[in-house]
Amino acid sequence: QVQLVESGGGLVQPGGSLRLSCAASGSIFSIDSMGWYRQAPGKQRELVAAITSGGSRDYADSVRGRFTISRDNAKNTVYLQMNSLKPEDTAVYYCNRVADVRGTWRTLEVWGQGTLVTVSS
């Protein structure tokens, strides 16, 4: 059974930065594609960024140029570096194993607890 544990959230001022981490266990992490998602209050969960086993990256338009997804296969961990944060980035952030199904990223695991990011002055 795959376990995903997100961490690194917190309160940050607009324009600030945070780095989120997601530790995965129970799968062959190095061959997995991984994604970061977020869910803001009253909104649907949305994909923020994805990274393949080969390191190819995909970003939502709303975060491209500000967020960077990366991975460390030796640590079974995927990261999300978030810069120039805006109040609209406030959400609970989740990671998941993903697969590209006919051009759309699909999640493969049960959601973890997520980590809350609040951008506010």
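Quick check: residue separation of LYS43 and SER70 times 0.36 nm, minus the Cα distance between them. What number comes out in nm? Kindly include the intermediate steps, with their values, before the conclusion.
On the way: separation 27, 0.36 × 27 = 9.72 nm, distance 2.57 nm.
Gain in length upon complete extension: 7.1 nm.
Show the residues, 5+ positions off or on another chain, whose built amide H is closer than 5 Å to the amide H of THR90.
So THR90 has HN proximity to VAL119.
Sort the following peptides by mean Cβ neighbour count (other Cβ atoms within 10 Å, averaged over residues), highest first: 94-106, 17-29. Numbers along the way, then the final one.
Numbers: 94-106: 15.5, 17-29: 17.1.
So the order, starting with the most tightly packed, is 17-29, 94-106.
If you count only protein heavy atoms with a 1.4 Å probe, what accessible area per residue comes out for the chain, rounded to a whole Å²?
Values: 6390 Å² over 121 residues.
On a per-residue basis, the chain sits at 53 Å².
Roughly speaking, to the nearest percent, how much of the chain's 1.4 Å accessible area is carbon and sulfur? Don't skip to the answer; put the middle values down first.
Numbers: 2950 of 6390 Å².
The value for the chain is 46 percent carbon and sulfur by accessible area.
Whole angstrom only: what separates the Cα centroid of the stretch 3-36 from the Cα centroid of the stretch 57-121?
Rounded to whole Å, the Cα centres lie 7 Å apart.
Could you go through the stretch 26-39 in sequence order and give the Karplus-derived ³J(HN,Hα) for each residue, using 6.51 cos²θ - 1.76 cosθ + 1.60 with θ = phi - 60°, rounded to whole Hz, and x for Gly and Pro?
x, 9, 7, 4, 5, 9, 8, 8, 10, x, 10, 10, 9, 9
Where the only charges are on Cβ atoms (+1 Lys, Arg; -1 Asp, Glu), what is the dipole of the chain about its Cα centre, to the nearest 20 debye? If you can, show how the numbers build up before the last one.
Values: 13 positive and 10 negative charges, 18 e Å.
With only Lys, Arg, Asp and Glu charged at Cβ, the dipole is about 80 debye.
Read phi for every residue in the stretch 44-52 and hand back ³J(HN,Hα) as whole Hz from Karplus 6.51 cos²θ - 1.76 cosθ + 1.60, θ = phi - 60°, with x for Gly and Pro.
Taking θ as phi minus 60°, the curve returns 6, 5, 9, 6, 9, 7, 9, 9, 8 Hz for the stretch 44-52.
Which percentage, to the nearest 5, of the DSSP beta bridges contained in the chain is antiparallel? Please report the intermediate quantities before stating the final value.
Working: 39 of 42 bridges.
If we restrict to bridges inside the chain, about 95 percent are antiparallel.
Within 14 Å, Cβ to Cβ, of GLY26, how many net charges do the neighbouring residues add up to if Lys/Arg are +1 and Asp/Glu are -1? Intermediate results must be reported in sequence, preceding the final value.
Details: positive: ARG97; negative: ASP32, GLU109.
Cβ neighbours under 14 Å give a net charge of -1.
The values are calculated or read from the model by the stated rules, or taken from the named source; none is laboratory data. In this text, all values refer to a predicted model and were calculated from it rather than measured experimentally. Note: ideal-geometry Cβ built from the backbone for every residue, glycine included; neighbour counts use all protein chains shown. The protein model used for the area step is the full one, side chains on, heavy atoms only, and it has no ligands, DNA or RNA in it. Shrake-Rupley method; radii C 1.70, N 1.55, O 1.52, S 1.80 Å.
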